[in-house]
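Nothing in this text is a laboratory measurement; each read-out follows from the coordinates by a stated rule. If you're wondering where the values come from, they're calculated on a predicted model, not measured in any experiment. So basically every Cβ, Gly included, is an ideal-geometry build from the backbone, and we count neighbours across all protein chains shown.
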Amino acid sequence: MIIGKKVILREKRLSDARDDYTWETDHELAHLDAAPIVVTTFSQYLADYTEDLRYPLPNSFRFAIDTLEGKHIGNCSYYNVSKFRSEAELGIMIGNRDYWDKGYGTDAITTLVNHIFNQTKLNRLYLKTLDMNSRALKCFPKCGFVPCGNMSRDGYNFVLMEINRHQWRDKQTEAPDSTKAQ
């Protein structure tokens, strides 16, 4: 478990499947994630989900995002981990709309970035977000990510962002004590 100010990042578990299915079959959430909507039945989804938990992908680390009270509100991960390049891609989804625009995403990203730079040897984290996702475009810079390019894929336009260990360390020394890495 990784504890932030507003969220707890924890291992994924089978009881998360219903929430994840609901979020992955939601048209707006799929659009914000530039992902295809899940069209399988819940029973098939649950079977695949069970296998994914039993046999996780190598070089991929997934977490559930819970409130401090224990409510599952989303997921985050770092994946495409390259030890050779010392980097990984980062992703997040706050699926429960009741927790949008309240700082939960920012805290989840900050908590995950702090964990990665404190507990791994990775030196760079990168992500891509849709150029029309205004919440993400406000959140990621608050967490220290800086734009580093643009790309188009499958009819979507993305802003590429990154943060490296040096930038993160500088952000930690600038931050008041209450926001430093735990």
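Relative contact order of the stretch 2-179, taken over Cα pairs closer than 8 Å and 6 or more residues apart, is 19 percent. For the stretch 86-169, the Kirkwood estimate of hydrodynamic radius, built from reciprocal distances between every pair of different alpha carbons, is 13.3 Å. Each 5 Å bin, from zero up to the one with the longest distance, holds this percent of the alpha carbon pairs of the stretch 2-179: 1, 8, 16, 20, 22, 18, 10, 4, 1, 0. Net length available on complete extension from residue 119 to residue 71 is 14.7 nm, with 0.36 nm assigned per residue and the Cα-Cα distance removed. The trypsin sites (Lys or Arg not before Pro) of the stretch 1-79 that DSSP puts in a loop, and whose beta carbon has at most 16 other beta carbons within 10 Å, are 5, 13, 71. Each label point was placed 7 Å from the Cα along the Cα-to-Cβ direction; for residue 3 and residue 166 their separation is 3.5 nm. Distances between placed amide hydrogens fall under 5 Å for residue 25 paired with 38, all partners being 5 or more residues away or on another chain.
In the stretch 2-179, a dipole from Cβ-located charges (positive for Lys and Arg, negative for Asp and Glu) runs towards its positive end, and of 43, 4, 77 it is 4 whose Cα lies farthest in that direction. By the rule of a C-alpha distance below 12 Å, with chain neighbours fewer than 8 residues away ignored, the aspartates and glutamates paired with residue 6 are 66, 69, 107. Over all directions, the projected convex hull of the C-alpha atoms in the stretch 63-117 averages 3.9 nm² in area.
Within the stretch 98-150, the trypsin sites (Lys or Arg not before Pro) that combine a DSSP coil assignment with at most 10 other C-beta atoms in a 10 angstrom radius are 121. Computed about the Cα centre, the dipole magnitude for the stretch 2-179 is approximately 620 debye when only Lys and Arg (+1) and Asp and Glu (-1) carry charge, each at its Cβ. Cross-link pairs exceeding 24 Å in C-alpha to C-alpha distance, out of 102/128; 121/171; 71/121; 12/142, comprise 71/121; 12/142.
If a spin label sat at a point 7 angstrom from the Cα of residue 97 along the line to its beta carbon, the backbone N atoms of the stretch 1-38 nearer than 20 Å would be those of 18-38. Here the stretch 17-85 yields Rg over Rh of 1.00, to two decimals, using C-alpha coordinates and the Kirkwood radius.
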